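Just below is one structure, and these are the notes that go with it.
The values are calculated or read from the model by the stated rules, or taken from the named source; none is laboratory data. Values in this document were obtained by computation on a predicted structure and should not be read as measured data. As a convention, Cβ positions derive from the backbone with ideal geometry for all residues, glycine included, and neighbour counts pool all protein chains shown.
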Amino acid sequence: MTIFLFSIILLIGAYFAGLLGSLTGLGGGVIVIPLLTLVFGVDIRYAIGAALLASIATSSGSATAYVKEGITNIRLGMFLEIATTIGAVGGALIAVYTPTNTIAILFGVILLFSAAMTLRKKNEAALTEGSKLSYLLKLNSSYPTKEGIVQYKLKNIGGGFSIMAFAGVISGLLGIGSGALKVLAMDTVMRIPFKVSTTTSNFMIGVTAAASAVVYLQRGYMDPGIAFPVILGVLGGAITGSKLLTRMNTRVLKIIFCTAIVFIATEMIYNGIQHHF
């Protein structure tokens with residue numbers, strides 16, 4: 001395969017990765033890493049390095065539009081980034097000394113979890129009374145809907161913060177943005193409406209990925225020939241996804257997406273057990 005053909009295929013694959021990552025809040029790495037490792041046979045650590053850059057691109061592309069529309073809770077995102085950034089650096093350092101087949105198996109398990117989280121019933125109801133800490137930190141906010149502005153309150157701030165720290169470790173270790181865990185912390189634990197948790201997750205993913213990307217860069221696990229088409233493709237897909245999210249019912253898309261990543265997860269776990277990485 002020529003370098004040109006490789007770049008074109010990777011560019012197209014990265015575009016769809018960014019599109020799906022933006023629509024689901026999971027980040028583009030869930031598609032980019034399997035594409036690079038299973039299709040092109042790239043070493044998983046180089047794939048993770050490219051995926052971290054893809055997560056930054058996804059966040060940059062989609063978060064800008066979400067912030068402009070007033071859906072993202074910026075104050076909450078910056079507060080939770082304290083936990084995810086610390087976790088991300090720790091996860092990246094662990095990954096450097098972890099066998100590649102172990103990383104592949106863990107990646108597959110997290111993908112299966114992400115699929116389950118994507119299909120579960122979402123929390124759209126807004127709380128009318130929040131916890132004391134949510135008032136103290138001024139994390140309660142509002143977001144626009146077709147029916148008008150909806151006010152919402154937060155609870156279990158400490159529990160959400162703890163899950164975010166773990167999400168950061170997973171992000172640094174696997175390079176996938178750990179959007180499923182972030183949405184879980186905000187949607188289920190802190191009881192934030194789904195659109196707010198998804199868009200805030202997209203906003204946070206870039207900062208988390210940037211923290212762990214530094215470690216991969218220092219270790220030499222970022223190849224410009226791989227990273228450049230990935231960034232361009234993911235950024236384009238993320239911008240498209242941000243425009244579609246507020247206008248479409250994503251249920252069918254998520255079912256197709258989950259079917260695909262369950263298959264990918266099975267392949268990753270199998271190849272990891274067989275030491276093909």
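I'm checking my understanding of the structure. Among residues of the stretch 19-54 that are hydroxyl-bearing (S, T, Y) and over 12 Å from the mean Cα position of the chain (by Cα), which one is modelled with the lowest pLDDT? Only one residue tops the list, namely T37. Take L127 and decide whether it is hydrophobic (A, V, I, L, M, F, W, C), at pLDDT below 85 and touching a Lys or Arg at 6+ places or on another chain (Cβ under 7 Å). When the stated conditions are applied, L127 passes them. So which of L93, L36, L80, L53 is over 20 Å from I8 (Cβ atoms) and either touching a Cys at 6+ places or on another chain (Cβ under 6 Å) or crowded, with 20+ Cβ neighbours inside 10 Å (or both)? The unique qualifying residue is L80.
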